[in-house]
Amino acid sequence: MTLMVRCYPVISRSCHILPVTRTHVMTRTATATATAIRRSPTRPAPPSSTTTTTTTKKHSHQQSSPPPKQQQPSSTPPPPNAQMANSKYEYTRTFETPHPLLPNTYIILRIDGRSFSTFSQTHNFRKPNDPRALSLMNAAASRTLQALPDIPIAYGVSDEFSFLLPRRCTLFDRREDKLISTLVSTFTGWYVFLWPRHFSPEEEPLRAPPSFDCRAVCYPSRGNVRDYFAWRQVDAHVNNLYNTAFWALVLKGGVGRREAEEELRGTFARDKNELLFSRFGINYNDEEAMYKKGSVVFRDYGVVEEDQEKGGEEEEEETTAVPEVKSKTQKEKEKKRAKKAKIVTEHVDIINDEFWEKRPWLLE
């Protein structure tokens, strides 16, 4: 909106005609700018070129104000806690594969010593069994159960250990990579940490780092889980009988390793027992239970009576395929109860029913 100012001739008291002023076209912006200049104690910045207008053709020769300088981008780095949710590099997360394990199934995680033949030679493990090495494995497994309360039972022999997760387990959303990496790193860490308690630091210090691999297998039923542990215990007996006979030939019989392998090839259990007793006076039945049956590490809540055992069997038959959803409070109570439970290590038979019937919580 423009404001037109017109001036007309006026006759003064002395009868003189005053000069006529020209018409000026003024804008509100120009008027406001002029007013601000008169009132401001300091000289203001020149007005923007977009707001500066010419008043008349007479003033068209005046130059407009220069445009303001563009601000340079700040070189200050973002704070360390700044979120990068909108980063253009976030797409790389789409390559991740979580690999969740099957729901409503038991999970068995088995760790196995990697290159343990070399490791045992480096540290002079006794043959055929070194009680120090086996006790160290059992201790590391026990500490792993303390660190991971979701695990009710584990079974180990030689340089391997199998850990069971119940079918209702939701640890790490059942992500295979998380479960495997957490278990094997926890076990390995305790194995290294507890080494001085089982081996003399002066005589047998840890000369090389131990390494374990791990695999995860899902089993749909309790029967499958029991068969798995029975398989591992039978395998422990077969391997220990062979190793006992083999090292008796090598260490006591003065036979070379290749000759000992040839002599034992194709033999049965009764043949090995006869060889041990007739040639070396060794009764295999008198061997340590830990060597023959392996080690069972589990949470002990007490032995269940016979009437409660039957209730556990009925529960197996009535179980539906719909997994029970537990609240966060229930899960916390179960974890606290598991942490308070006593963790024991036994060398007993887990093939027959007695062990499992007295401890039904192991396969819940």
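The values are calculated or read from the model by the stated rules, or taken from the named source; none is laboratory data. Since this is a predicted model, take the numbers as computed values, not measurements. Note: ideal-geometry Cβ built from the backbone for every residue, glycine included; neighbour counts use all protein chains shown.
Couple of notes before you dig in:
- Selection over the range 325-360 of residues that are of a type outside the set (Lys, Arg), within 15 Å of residue 297 (Cβ to Cβ) and at pLDDT below 95 gives a count of 2.
- Residue match in the range 159-170 (condition: in contact with a Ser or Thr (Cβ under 9 Å, 6 or more places away or on another chain), touching a residue at least 24 places away in the same chain (Cβ under 8 Å) and of a type in the set (S, T, N, Q)): no
- Contacts under 6 angstrom Cβ, first residue in the range 207-218 being touching a residue at least 24 places away in the same chain (Cβ under 8 Å) and farther than 16 Å from residue 105 by Cα, partner assigned to a strand (DSSP E or B) and of a type outside the set (A, V, I, L, M), 6 or more apart: 212/113; 213/112
- Those residues of the range 95-134 which are closer than 24 Å to residue 282 by Cβ and among the aliphatic types (A, V, I, L, M), in sequence order: 133, 134
- The set of residues from the range 191-246 being over 23 Å from residue 127 (Cβ atoms), surrounded by 13 or more Cβ atoms within 10 Å (Cβ to Cβ) and of a type in the set (Phe, Trp, Tyr) comprises 219, 228, 229.
- In the range 175-190, the condition of being under 15 Å from the mean Cα position of the chain (by Cα) and outside any helix (DSSP H, G or I) is met by at least one residue.
- Selection count, the range 116-175, where residues are within 24 Å of residue 252 (Cβ to Cβ), hydroxyl-bearing (Ser, Thr, Tyr) and surrounded by 17 or more Cβ atoms within 10 Å (Cβ to Cβ): 2
- For first residues located in the range 279-296 and charged (D, E, K, R), partners that are part of a helix (DSSP H, G or I) and lie 6+ apart or on another chain with Cβ distances below 6 Å form the pairs 292/237; 292/240.
- Extreme residue, farthest from the chain's Cα centre (by Cα), among residues of the range 133-174 that are hydroxyl-bearing (Ser, Thr, Tyr) and assigned to a strand (DSSP E or B): 155
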